[in-house]
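First up is the structure itself, then whatever we jot down about it.
Bear in mind that the values in this text are calculations on the coordinates, not laboratory data. Everything quoted here is computed from the prediction, not taken from an experiment. In this analysis, Cβ positions are derived from the backbone assuming ideal geometry, glycine residues included, and neighbour counts consider all displayed protein chains.
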Amino acid sequence: MERTLQERINRKWMESGVTFQDPQTTYIEEGVRIGQDTFIGPNTHLLGHTVIGERCRIDGNAYVTNAKLGNQVHLRFSVVLTDCRIEEGAVIGPFAHLRPGTSLGRGVHIGNFVETKEATIGAGTKANHLTYLGDVTVGRETNIGAGTITCNYDGFQKYRSAIGDRVQVGSDSTLVAPVRLGDDVYVATATTVRHDVPAGGLVYNERSEKVREGWTEQKRKKMKKVKV
């Protein structure tokens, strides 16, 4: 009975102008709505009250629950979306996780192994690699470097952070909430930010770099001596 019902639902959407790469592995619940000229790849689950706009593309292996997608949104392979809102032209994935409370503006890019939660992200902003954005508001045209983390939980309660427009956050940076970065702030690579940064400022941590010449050869000699 379930298979018969699913075939009926899928056929209804195909007759309405939606393309299924493999209808046999596509699961859509009754409350879902899909716009015309949308492409849906294999092993996709559209659940709850999900709304998909027109001319969207879902590559496959997506698990989408109660999400609202604008027109021309692209879900790359293997993404999980729950209780979130995505505006027109955004690109998500592959391997991204959008948790409840996520709201993405037009043209936002959320890339591979990026997780968001209670995050409002402005138009044109990009977080393309290995990032956690939780309990944060991010402005427009901001770039979040790989390995960035918003440290929103201190073991007792959670705090929000705010990142302005056109901010450049260097790779491997941590933002310890609550913290606010003004517009056009530049966060140097591998910086831990604990205090607010005014607009246009550079924030960095002083670190000395030391080199020990010949260290590798000395290490090898030492290891040879301890071999049994």
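Structural remarks
- Residue among ALA190, SER171, VAL226 farthest towards the positive dipole end of region 171-228, charges placed on Cβ: VAL226
- Computed from Cα positions, the angle between helix 2-15 and the longest principal axis of the chain comes to roughly 90 degrees.
- Summing charges over all other residues whose Cβ lies under 13 Å from the Cβ of GLY89, with Lys and Arg as +1 and Asp and Glu as -1, gives +1.
- Just so you know, the Cα atoms of region 91-179 work out to an Rg and Dmax of 11.5, 35 Å.
- Calculated FRET efficiency for the pair PHE95/GLN21, C-beta based, R₀ 22 Å, to 0.05: 0.70
- Per residue, the average separation of C-alpha pairs within less than 8 Å and at least 6 apart gives the chain a relative contact order of 8 percent.
- Extension gain, SER208 to GLN168, is 12.1 nm, computed as 0.36 nm per intervening residue step minus the present C-alpha separation.
- Remark: region 2-226 carries a charge dipole of roughly 1100 debye about the Cα centre, counting +1 on each Lys and Arg Cβ and -1 on each Asp and Glu Cβ.
- For region 152-161, the Karplus equation 6.51 cos²θ - 1.76 cosθ + 1.60, evaluated at θ = phi - 60°, returns couplings of 9, 10, 9, x, 10, 8, 9, 10, 9, 10 Hz by residue, with Gly and Pro reported as x.
- Couplings 3J(HN,Hα) of region 212-225, computed from phi: 10, 5, x, 4, 5, 5, 5, 5, 5, 5, 5, 5, 5, 5 Hz, in residue order, whole Hz [Karplus 6.51 cos²θ - 1.76 cosθ + 1.60, θ = phi - 60°; x for Gly and Pro].
- Rounded to the nearest 0.05, the FRET efficiency derived from the C-beta distance between PHE77 and ARG55 at R0 = 22 Å is 0.75.
- Cβ charges +1 (Lys, Arg) and -1 (Asp, Glu), total dipole of region 1-100, debye: 80 debye
- In this simple spin-label model, placing a label point 7 Å from the Cα along the Cα-to-Cβ direction at both GLU29 and TRP215 gives a separation of 5.4 nm.
- Adding -39500 (n - 2.57) for every DSSP H run of four residues or longer, then dividing by how many residues the chain holds, sets the calculated 222 nm ellipticity at -3500 deg cm²/dmol.
- Listed from fewest to most Cβ neighbours within 10 Å, the set LYS222, LYS12 follows the order LYS222, LYS12.
- Structure-derived volume of the Cα convex hull per residue in Å³ - corresponding label in (1) 193; (2) 169; (3) 127: (1)
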